[in-house]
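Here is the structure we will look at.
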Amino acid sequence: MSKEETSTLNPSSRQTVKFYQTGTFTVGNRLLDEEFRTVQATTERSNSLDSGHRACQGCGQALGARYALDAAMRATDNKIIAANATGCLEVFTTPYPETAWSIPWVHSLFGNVAAVASGIAAALKSKGDSTTRVIAQGGDGGTTDIGFGCLSGMFDRNDDVLYICYDNGGYMNTGVQRSSATPAAARTATTMPVGDNPGSSFNTGKYLPTIAMAHEIPYVATASVHDLHDLERKVEKAMTFRGARYIHINVPCPLGWGSQPAFTIKLSRMGVECGLVPLFEAENGQLTDSTKIRYRIPVEEYLKLQRRFAHVLKPHNTHQLDAIRAIAENNIKRFNLL
Amino acid sequence: MLRQISGSIAVAEAIALCRPEVVPCYPITPQTHIVEHISTLVKSGQLKNCSYENVESEFASMSFCIGASAAGSRTYTATASQGLLFMMEAVYNASGLSLPIVMTLGNRSIGAPINIWNDHSDAMSVRDAGWIQLFVESNQQALDVHIQAFKLAEALSLPVMVNMDGFILTHAITRVDMPTQEQVDQFLPAFVARQKLDTDAPLSIGAMVGPDAFTEVRYLAHHKQKEALAVIEQQAAEFHEIFGRDSGGLIKSYFAEHSEIVFVAMGSVIGTMLELIEELRTEGHSVGILSLRSFRPFPANAICNALGNAKQAIIFEKSFAVGMGGVLASEIHMATAGNDLKISSVIGGLGGRTITKKSLGKIVECAMHGELDKEVFLDLEGTTVVKELRRQQEGQSSGPVAENILRDMGVVSASKTL
Ligand SMILES: Cc1ncc(C[n+]2csc(CCOP(=O)(O)OP(=O)(O)O)c2C)c(N)n1
Ligand code: SF4
Ligand SMILES: [Mg+2]
């Protein structure tokens with residue numbers, strides 16, 4: 001888009017301005033004059049996670065991380081230090097010698113981000129710095145599996161850290177293997193759709209938000225990237241508490257899910273609307289609020305847009321479809337979603 | 001001030017004098033008393049502005065150190081044996097990120113079979129991890145070298161591990177000269193981080209590095225350790241000036257330059273060796289000792305020079321590479337290549353077996369007669385070994401080795417605090 005063309009746009013048409021790409025860098029509309037930019041690209045944004053990173057097109061994690069961190073920056077007067085576990089977010093943001101982070105950021109290992117963040121918080125405490133706040137972030141594998149010990153320790157000690165898990169339902173960075181957050185029936189490279197019960201087994205896996213609640217930490221919330229205002233609100237709220245806090249963000253992954261990049265927001269919403277992705281908040285171990293489903297949709301509507309569930313919709317696999325419906329039903333009851 | 005205290009308490013108090021800001025810990029024998037005592041010093045208010053945390057594992061403990069150090073804090077922890085292995089990935093990470101963490105290793109063997117007593121298997125398991133590894137002979141040295149360790153770590157921005165023999169030093173109550181806070185403050189300046197997570201000057205630390213730059217980053221780590229050779233000597237001299245004691249340095253020679261037969265060893269065994277060679281020297285024998293105080297960086301030149309006049313070197317080690325032999329021995333071979341030196345490797349003190357003056361005396365006697373083998377396991381019970389080998393030849397289902405041996409020897413494993 002040329003300068004001339006942009007100057008013909010009416011600033012009141014903000015939300016209709018489309019993102020576009022130049023060269024290899026997705027720059028959003030930050031190349032436009034300030035007055036024409038969408039809300040995502042205002043100059044007030046801290047752009048903690050800046051443009052130029054290497055996430056796949058339609059990556060829900062890139063979106064979630066950008067909004068979560070900018071919200072945290074707003075809530076703390078730009079005083080955020082972030083620690084990152086190994087995984088897609090770490091890899092796509094820091095291809096040496098470049099970095100997409102404009103905040104102080106450290107990556108140590110795959111399984112230790114909670115402890116690294118606790119160490120940073122301890123350092124700030126001993127220096128008497130109570131304004132700088134710490135965020136730890138990891139994928140579902142780094143959180144629910146290999147980093148679980150360190151995370152539980154961080155919860156136990158109630159260290160002053162906000163831990164954000166970006167749940168894309170598998171080890172995506174290493175080529176889509178099963179994690180303990182992979183949904184039942186999903187195809188991954190280690191749970192292929194073969195045999196009597198294709199995909200990831202039913203009655204396995206763990207749901208970290210409720211495990212976090214069991215630690216009775218001050219604040220636990222779940223969010224999803226279609227409702228960014230809700231996500232931002234929860235991050236901002238998390239920053240009003242001291243001690244260990246946990247936010248679990250559902251982040252569609254076109255590569256791992258076998259979905260269209262353009263459907264990331266749609267899938268995020270559908271996951272919530274079918275009952276498979278409950279959105280709620282909890283304080284000190286007690287559920288305090290949950291987002292009601294506005295237009296309930298059948299789970300198959302959600303599943304059919306993802307190749308990882310293709311086998312579930314085959315006629316001979318109705319037992320799997322029924323079982324997934326039951327999971328959604330159970331979530332609706334458990335978290336009071338209707 | 002002169003005090004009569006255990007090695008662990010001495011080290012804990014020396015650490016406190018260094019004003020660490022973050023100390024995470026996890027219990028494992030024989031280092032536990034160090035971190036226990038630090039916890040008391042923090043809780044009682046004697047050690048101020050220090051976040052002390054009893055975390056959930058050694059892996060978390062070193063990771064905690066990584067975060068704290070990256071955030072610009074003087075950071076300390078201690079571990080041993082299985083604990084070191086459990087934190088291994090983070091041990092490599094700390095040095096890879098060039099973080100000046102100081103850690104005490106209360107040297108202990110590695111299982112299986114599980115064994116809480118002293119040897120150097122733990123220290124040797126991280127010999128390639130990029131940490132500076134110092135060894136101490138006595139509790140006074142342990143105390144002194146910890147004070148130097150912070151200065152060294154921070155000058156180079158590298159992690160430093162002080163190796164102190166489990167039980168033999170950690171639990172031994174001896175007289176130590178505890179420095180004053182003023183002395184330590186004079187020697188050790190406030191910590192200025194080379195890299196720091198700072199909201200006013202944001203940095204990314206721990207980026208992915210591909211083939212294009214990895215070699216350079218690794219080479220620089222090697223280069224830095226080589227730079228440490230001079231810094232260690234220089235700081236030991238500075239320490240001497242302020243505290244009036246010779247502690248630290250790369251090596252310590254006890255008549256090594258003027259002896260035909262020289263023991264080379266690390267740690268507390270030097271004490272036993274000193275008693276032996278004093279006797280031998282009064283009898284007119286030409287025997288000396290070369291004590292390695294810095295194992296990483298490896299002071300190859302200093303070793304080569306110190307052994308320049310020796311005819312035989314007896315490399316005594318409390319660990320070995322299974323399937324290869326003495327690690328230190330092979331490194332000394334390399335350092336002295338070109339010298340006309342006969343090298344024998346003696347492995348002893350494994351899993352806490354007592355190293356007696358008598359057994360070492362026999363080794364020297366063999367050496368004097370030119371009869372010392374290239375590889376010797378000190379005080380090895382040959383008959384027990386043969387018996388077990390025979391049992392294994394007789395049948396496939398001969399059972400677990402350790403338990404068979406214990407039964408043969410009539411030994412009852414005595415430890416409760418694993
Ligand atoms: C100790 C260790 N084991 C395995 C790996 C390999 N590994 C790196 S990233 C990753 C997957 C990350 O999955 P997740 O945490 O879910 O994040 P995602 O990439 O899906 O965002 C794995 C298995 C590693 N780096 N370190
Ligand atoms: S694989 Fe998935 S999570 Fe990783 S960058 Fe691509 S879309 Fe994002
Ligand atoms: Mg994942």
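The values are calculated or read from the model by the stated rules, or taken from the named source; none is laboratory data. Here the structure is a predicted model, which is why all the values come from computation and not from measurement. Positions of Cβ are backbone-derived with ideal geometry, glycine not excepted, and every protein chain shown enters the neighbour counts.
Some points to look at:
- Qualifying residues in the range A:179-236 (those that are assigned to a loop (DSSP other than H, G, I, E, B) and among the hydroxyl-bearing types (S, T, Y)) - the one farthest from A:A282 (Cα to Cα): A:T190
- Of the listed requirements (1) buried (at least 24 other Cβ atoms within 10 Å of the Cβ); (2) in contact with a Lys or Arg (Cβ under 6 Å, 6 or more places away or on another chain), A:T188 misses just one: (1).
- Cβ pairs under 7 Å, 6+ apart, first in the range A:58-74 and within 14 Å of chain B (Cβ to nearest Cβ) and among the aliphatic types (A, V, I, L, M), second part of a helix (DSSP H, G or I) and more than 10 Å from ligand 2 (Cβ to nearest atom): A:A72/A:V235
- Check on A:I297, β-branched (V, I, T), in the same structural domain as A:C253 (by TED's automatic domain parsing) and assigned to a helix (DSSP H, G or I): no
- Within the range B:296-324, being within 25 Å of B:H222 (Cβ to Cβ) and either hydroxyl-bearing (S, T, Y) or surrounded by fewer than 19 Cβ atoms within 10 Å (Cβ to Cβ) (or both) holds for B:A300, B:N301, B:C304, B:N305, B:S319, B:A321, B:M324.
- Checked across the range A:110-122, the condition of being away from ligand 2 (no atom under 16 Å from the Cβ) and out of contact with any helix residue (DSSP H, G or I) (no Cβ under 9 Å at 6 or more places or on another chain) holds for no residue.
Conditions (1) surrounded by 24 or more Cβ atoms within 10 Å (Cβ to Cβ); (2) facing chain A (nearest Cβ under 8 Å); (3) farther than 26 Å from A:G128 by Cα, marked per residue:
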position: B:K43; (1), (2), (3): no, no, no
position: B:K48; (1), (2), (3): no, no, no
position: B:S109; (1), (2), (3): yes, no, yes
position: B:P113; (1), (2), (3): no, no, yes
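- Among the residues of this structure, A:S259 does not count as one that is in a helix (DSSP H, G or I) and within 16 Å of ligand 1 (Cβ to nearest atom).
- Test set (1) within 12 Å of ligand 2 (Cβ to nearest atom); (2) touching a Gly at 6+ places or on another chain (Cβ under 8 Å); (3) polar (S, T, N, Q) - A:T182 fails condition number: (1)
- Some residue of the range A:162-177 being more than 14 Å from ligand 1 (Cβ to nearest atom) and touching a strand residue (DSSP E or B) at 6+ places or on another chain (Cβ under 8 Å): yes
- Taken over the range A:143-176, the criterion of being within 15 Å of ligand 2 (Cβ to nearest atom) and over 15 Å from A:I211 (Cβ atoms) is satisfied by A:I164, A:Y166, A:N168, A:G169, A:G170, A:Y171, A:M172, A:N173, A:T174, A:G175, A:V176.
- Residue match in the range A:264-278 (condition: within 19 Å of A:M172 (Cα to Cα), within 16 Å of ligand 2 (Cβ to nearest atom), more than 14 Å from every other protein chain (Cβ to nearest Cβ) and surrounded by fewer than 18 Cβ atoms within 10 Å (Cβ to Cβ)): yes
Yes/no matrix, rows are residues, columns are (1) outside any helix (DSSP H, G or I); (2) in contact with a helix residue (DSSP H, G or I) (Cβ under 6 Å, 6 or more places away or on another chain); (3) at pLDDT 95 or above:
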site	(1), (2), (3)
B:Q4	yes, no, yes
B:I9	no, yes, yes
B:A12	no, yes, yes
B:A16	no, yes, yes
B:P24	yes, yes, yes
B:I34	no, yes, yes
B:S39	no, no, yes
B:Q46	yes, no, yes
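- Of everything listed in (1) more than 19 Å from B:S157 (Cα to Cα); (2) within 9 Å of another protein chain (Cβ to nearest Cβ), the single unmet condition for B:P211 is (2).
- Only one of A:G111, A:G147, A:G87, A:G138 that is of a type outside the set (S, T, Y), near ligand 1 (Cβ under 9 Å from one of its atoms) and over 30 Å from B:P20 (Cα atoms): A:G87
- Candidates are the residues of the range A:85-96 that are within 17 Å of A:D140 (Cα to Cα) and at the interface with chain B (Cβ under 8 Å from one of its Cβ atoms); the one that is surrounded by the most Cβ atoms within 10 Å (Cβ to Cβ) is A:E90.
- Residue count for the range A:237-256 under the criterion of being part of a loop (DSSP other than H, G, I, E, B) and over 14 Å from the mean Cα position of the chain (by Cα): the result is 6.
- Scanning the range A:182-195 turns up one or more residues that are within 13 Å of ligand 3 (Cβ to nearest atom), away from chain B (no Cβ under 14 Å) and under 21 Å from A:Y246 (Cβ atoms).
- Residues in the range B:127-149 that are hydrophobic (A, V, I, L, M, F, W, C), part of a loop (DSSP other than H, G, I, E, B) and either surrounded by fewer than 21 Cβ atoms within 10 Å (Cβ to Cβ) or touching a Leu at 6+ places or on another chain (Cβ under 6 Å) (or both): B:A129 only.
- Filter pass, A:A310 being among the hydrophobic types (A, V, I, L, M, F, W, C) and within 20 Å of the chain's Cα centre (by Cα): no
- Filtered residues of the range B:379-399 (kept if touching a residue at least 12 places away in the same chain (Cβ under 8 Å) and touching a Lys or Arg at 6+ places or on another chain (Cβ under 8 Å)): B:D379
- Set B:Q234, B:Q181, B:Q225: member being assigned by TED's automatic domain parsing to the domain that holds B:N93, loosely packed, with under 14 Cβ neighbours inside 10 Å and under 16 Å from B:P297 (Cβ atoms): B:Q234
- Test result for B:D185, modelled with pLDDT of 95 or more and within 30 Å of A:S48 (Cα to Cα): no
- Residues that are more than 7 Å from chain B (Cβ to nearest Cβ), crowded, with 24+ Cβ neighbours inside 10 Å and more than 19 Å from A:N47 (Cα to Cα) within the range A:97-137 comprise A:G111, A:V113, A:A114, A:A121, listed in sequence order.
- Within the range A:131-153, the residues that satisfy the criterion of being of a type outside the set (V, I, T) and more than 9 Å from ligand 3 (Cβ to nearest atom) are A:R133, A:A136, A:Q137, A:D145, A:G147, A:F148, A:G149, A:C150, A:L151, A:S152, A:G153.
- Residue ID - nearest to ligand 3 (Cβ to nearest atom), chosen from residues in the range A:101-130 that are part of a helix (DSSP H, G or I) and under 19 Å from the mean Cα position of the chain (by Cα): A:V113
- The number of residues in the range A:156-181 being surrounded by 21 or more Cβ atoms within 10 Å (Cβ to Cβ), more than 14 Å from every other protein chain (Cβ to nearest Cβ) and within 16 Å of ligand 3 (Cβ to nearest atom) comes to 13.
- Across the range A:301-313, a minimum of one residue is classified as in contact with a Leu (Cβ under 8 Å, 6 or more places away or on another chain) and within 16 Å of ligand 1 (Cβ to nearest atom).
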